[in-house]
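Let me begin by presenting the structure, written as structure tokens, before commenting on it.
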Amino acid sequence: MATYLSKTFSSAGNQKTWTWSGWVKSTGGSSDSTIFSGGTGLGASGNRLVFQFLGGEAEKVMASSGNTSEFAFKTSASLRDKSAWYHFVLAMDTTQATDSNRFKMYINGSQVTNTAQLTYPAQDLQLGINNNQAQYIGLRTSSNDTAFNGYIANVHFIDGSAKVATDFGQTDSTTGIWKPKVYTGSYGTNGYKLEFKNSGALGTDTSGNSNTWTVNNAGTGAQVTDTPSNNFPIWSLADGRASGNNGGSNCTYTLGATKTNNGNNSFEYPMNRATVGLQKGKWYWEVKYEADLTPLSGIIGQAAINNVNQGSWIGGEWVNDKWCSVAGVNDNVYLYDNTSTSVTGAGCDAGDIAGWALDCDNYTLKYYKNGTLMHTDTTLNTAPDATNYAIPLYYPVVVGTYSGANNWSQAWINFGNPAFSISSSNSDANGLGSFEYAVPSGYYAICTKNLEAYG
């Protein structure tokens, strides 16, 4: 089971009036994914509330009780961007005489007014949030299921007050992007603030109330540097799943979509692409292999993506001058034009870390194995995809296995936000990112702060 937080308050707080605020980056797939929940009842009176992504409905979000005829609020819009952080504010005040004032949801500062399902709670109804029953972050109460897959940051709970989004966030005057701000109000008796700053005690309440939560199943990667203020890429969940020639139909993603398991595929060459493409600047990232059969990693150009079907980016289509530098097969480094060069010791095995330094301005790609430079590729495609881009666009990738149906590979991606244990921490020149090996001079971690400056 994934990491989740739990708490049972010694006494119930205000169950009629409360506010929950948090930043969420969902990497869930087709299954429901619970953000937070409270209460254990399932009867006609509900006495439970669950807030979750609905994986089977194109990533809508829904807050509801154990009995949806009692309370249900489902968005009509879908939140499909798996690379983005979303800010949610849920404000409950069932003491209000007007039903539409009893529950309000805000997403990135805007109140949700269009719904696919809507039943406002009855006046003075008390649901399971803030009850002295089990409260979970990242898991559904009563059933202990639909665990959350993704990232949660900057959580506030206000006991006894219904707040608005601007109490917790604001629009950046330069970029127009919704961003966090310091909350300055009171929290009430059962209120809490979870910043997840202490890796050894992620459930620590910093509101001053000492309402600390218990952390369950916290393994490696439970705390990451990916935050709403500095967003790192993850695996694109649209990749590696599609059926078709040479597609990866059984890829699974875990640890916030930083780990992929390309297992038991009925096709060769399952591959995974990052959520960010690179057009200019100099960038560094690492890939660690947990288990493999002839693993590949490298980059792919936008031209390749535009000229073949998703899930079929390697194999026959790729060899038509469509793939960029790929390395790690035995002792060969495969180049853009599908030629290969033998580099002694270049092949990766389980436990090895491949490092990549991409220079988009000079069209070069350096390949490192465990910190040692193995090869510099100067054959990258300098021609743009004229249909959509004025200059070439490259995506960091891992290709699961080089050949053979039902081969498999497990790998972590690290753009500076490692979910695997590292023995040393090396940042770029801006102090951003955390890597096993030193970042080459002039290269940077791929994250929104660096992309704003150099990308």
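Each reported figure results from applying straightforward, stated rules to the coordinates on display, with no laboratory input. Small disclaimer: the values here were computed from a predicted structure and weren't measured. Cβ: placed from backbone, ideal geometry, glycine included. Neighbour counts: every protein chain shown.
What FRET efficiency comes out for the pair Asn132/Ser229, r = Cβ-Cβ distance, R0 = 41 Å, nearest 0.05? List each step's numbers first, then the result.
Details: r = 35 Å, r/R0 = 0.84.
Efficiency computed from Cβ-Cβ geometry: 0.75.
According to a simple spin-label model (label point 7 Å from Cα along Cα-to-Cβ), what is the distance in nm between Asn144 and Ala438?
5.0 nm
Give the distance, in whole Å, between the Cα centre of the range 349-376 and the Cα centre of the range 197-237.
If we compute the Cα centre of each part, the gap is 30 Å.
Trypsin sites (Lys or Arg not before Pro) within the range 61-143: which are DSSP loop residues with at most 15 other Cβ atoms inside 10 Å? Each step should come with its number before you reach the end.
On the way: sites: Lys74, Arg80, Lys82, Arg102, Lys104, Arg140; in loops: Arg80, Lys82, Arg102.
Answer in residue order: Arg80.
Can you give the net charge of the other residues whose Cβ lies under 14 Å from the Cβ of Phe157, counting K and R as +1 and D and E as -1?
On the way: positive: Lys7, Lys163, Lys193; negative: Asp159, Asp167, Glu195, Asp205.
Around Phe157, the surrounding residues sum to -1.
Take every Cα pair under 8 Å in the range 4-216 that's 6+ residues apart, average their separations, divide by the length, and report that relative contact order as a whole percent. Kindly include the intermediate steps, with their values, before the conclusion.
Working: 582 pairs, mean separation 60.6, N = 213.
Contact order relative to length: 28 percent.
Compute the length gained on full extension between Ser31 and Ala222: take 0.36 nm times their separation in residues and subtract their Cα-Cα distance, giving the result in nm to one decimal.
On the way: separation 191, 0.36 × 191 = 68.76 nm, distance 2.07 nm.
Extending this stretch completely gives an extra 66.7 nm.
Between the alpha-carbon centers of the range 413-455 and the range 81-104, tell me the distance in whole angstrom.
Taking the Cα centre of each part, the range 413-455 and the range 81-104 sit 36 Å apart.
If the reach is capped at under 18 angstrom between alpha carbons, list the lysines near Lys60, excluding any in the same chain fewer than eight residues apart.
Leaving aside lysines fewer than 8 places away in the same chain, those within reach of Lys60 are Lys25, Lys74, Lys82, Lys104.
Thr206 to Ala350: FRET efficiency via 1/(1 + (r/R0)^6), r the Cβ-Cβ distance, R0 41 Å, to the nearest 0.05? Provide the component values of the computation, followed by the final result.
Details: r = 40 Å, r/R0 = 0.97.
Between Thr206 and Ala350 the formula returns 0.55.
Measure up Lys181/Lys282; Lys197/Lys288; Lys197/Lys280; Lys16/Lys193; Lys7/Lys163 against 27 Å on the Cα-Cα distance and list the ones that go over. Please report the intermediate quantities before stating the final value.
On the way: Lys181/Lys282 31 Å; Lys197/Lys288 25 Å; Lys197/Lys280 33 Å; Lys16/Lys193 20 Å; Lys7/Lys163 23 Å.
Flagged as over cut-off: Lys181/Lys282; Lys197/Lys280.
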